[in-house]
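Notes follow the structure.
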């Protein structure tokens, strides 16, 4: 199915449930830790940090926007990973 043809609820569900990687899990763990800290000490900064990391984890938003901080998969052209260099003699 085309990405544009999906209903908005399906797109949001896919965005939240798919693509979990180590950084996303780490952000979720930080959010939970800050929630416990906010509950125990009632600190507004801890609530803000919990919301910040929680939103980043749930919606997969990094420091530079959506999926910008993740490395792109490598696209190798041949088995060795390098292209042959062609030299031209200049006189």
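Bear in mind these aren't lab numbers, they're just calculated from the coordinates by the rules spelled out. Fair warning: this is a prediction, and the values are worked out from it, not measured in the lab. FYI the Cβ positions are ideal-geometry reconstructions off the backbone, even for glycines, and counts take in every protein chain you see.
Here the peptides 17-24, 35-42, 50-57 are ranked by packing, the mean other Cβ count within 10 Å, and the order with the highest first is 50-57, 35-42, 17-24. Stretching the chain fully between residue 47 and residue 15 yields a gain of 9.1 nm (0.36 nm per residue, less the alpha carbon separation).
One chain, two ends: residue 25 and residue 55. Fully extended at 0.36 nm per residue, the span grows by 9.6 nm beyond their Cα-Cα distance.
Placing pseudo-labels 7 Å out from each Cα toward the beta carbon at residue 33 and residue 87 gives an inter-label distance of 5.4 nm.
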